[in-house]
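Take a look at the structure below.
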Amino acid sequence: MRRMLLFASLVLAVVAAPARSQPQVEDTTFVPKVARPAFTGRQPVVMIDEAHRNQFTMKGSYRAFASLLSQDGLRVIPGVEAFSPRLLQTCQVLVVADAIGSPEPRAASARMSAFRIPECDAVRDWVKGGGSLLLIADHAPSASAMDSLAVRFGVDFGKGKTLDIRRVDPETGNMGCILFTRALGLLGDHPITRGRDKSERINRVVTFTGQSLMGPRGSTGLLVLSPSAWDLPSTPDARRVATPEARRRADTTTVLTTAGAVTAVGRFQGLAFGFGKGRVVVLGEASMFGSQFVFGAEARQRRMDRLRIGLNRPELDDNQQFALNVVRWLARALN
């Protein structure tokens, strides 16, 4: 019974305070390395958007990601203007991560669309004509703010926080930090998960408290949510997580459903698909491509002074390979 109560308490902790709400700082000591660069001749341009109040930019939380792509032979540049046909002609791959609708992430206005209608249309038409888009949106407010762009590609954002009560990242112990493994069938079959050869095959990926996704017909799920995955609405009401009866019973399912959670089975945290002549990858979590330290209660619970979140986790080299494979497929080094 004590173990069950602890289990329910962990669920409640995830509901009330996901991993990414803890104090975080960028790990500036981490330097990614690429053993076999894919782009040794041509040098496709990857533009990382930072014109829409993005929470992840190439000089900020995606510093390591940008460095990783540069080492792979890509030319990485910041996108500092609104999306337009003229701007998009200057790159082959566009990365848009965690844009929000206002400068203050906690304000209600942060959930408003981060993009104007002409911007969304410009990106859609550019991809249809042969461009490649990496769209990364965490749970609200980013998911709400980026929905106007996602719907142009037939992608449904869950918008709430996704957790898995069984497939938990062992280091953080947080049910919002989901472990996707090939052994359990949670990695889809796609050139991104296969890589160029066996040494680049993806076997395990961890995400760090994101949202769920559903793609258009013909899309491939890269990160497949398991039957033990749940979507918790990202609303103030979700913080009133359980009745006293549910707490006493320590029934995880009761706790979650009382909190308004719905099953996330059949949904994903990563998708890939073709769109016209172009390619699209959509991810429901951004920190997996970052490089951060998390401090606070969650680290103390693990009897550690800090936790690593993202590419800097030494035992998660597949997260780095996954990042490379995603952009290689978008830049057409993988087919």
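None of the figures in this text is laboratory data; all of them are computed from the coordinates on show. Quick caveat: nothing in here was measured; it's all calculated off a predicted structure. Don't worry about glycine lacking a Cβ; one is built from the backbone with ideal geometry, like all the others, and counts go over all protein chains shown.
Using 0.36 nm per residue and subtracting the Cα-Cα separation, the extra length available between Asp189 and Lys277 on full extension is 29.6 nm. Available extension along the chain between Asn203 and Asn335 is 45.6 nm, counting 0.36 nm per residue and deducting the alpha carbon span. Within the range 128-146, list the residues whose amide N lies under 19 Å from a label point set 7 Å along Cα→Cβ of Ser109. Only 141-146 pass the distance filter.
Each of Arg42, Arg196, Arg328, Arg313 has some number of other Cβ atoms within 10 Å of its Cβ, and from fewest to most they run Arg42, Arg196, Arg313, Arg328. Fewest neighbouring Cβ atoms within 10 Å first, the residues Trp329, Trp230 line up as Trp329, Trp230. Of the trypsin sites (Lys or Arg not before Pro) found in the range 100-151, those in coil by DSSP whose Cβ has at most 13 other Cβ atoms within 10 Å are Arg106, Arg116. Residue order for Glu26, Glu285, Glu104, fewest other beta carbons within 10 angstrom first, comes to Glu104, Glu26, Glu285. Between Val80 and Arg116, what FRET efficiency follows from the Cβ-Cβ distance if R0 is 22 Å, with the result rounded to 0.05? Step by step, r from the Cβ atoms, then E = 0.85.
Shown is the FRET efficiency for Lys59 and Arg196, computed with R0 = 30 Å from the Cβ-Cβ distance and rounded to the nearest 0.05: 0.50.
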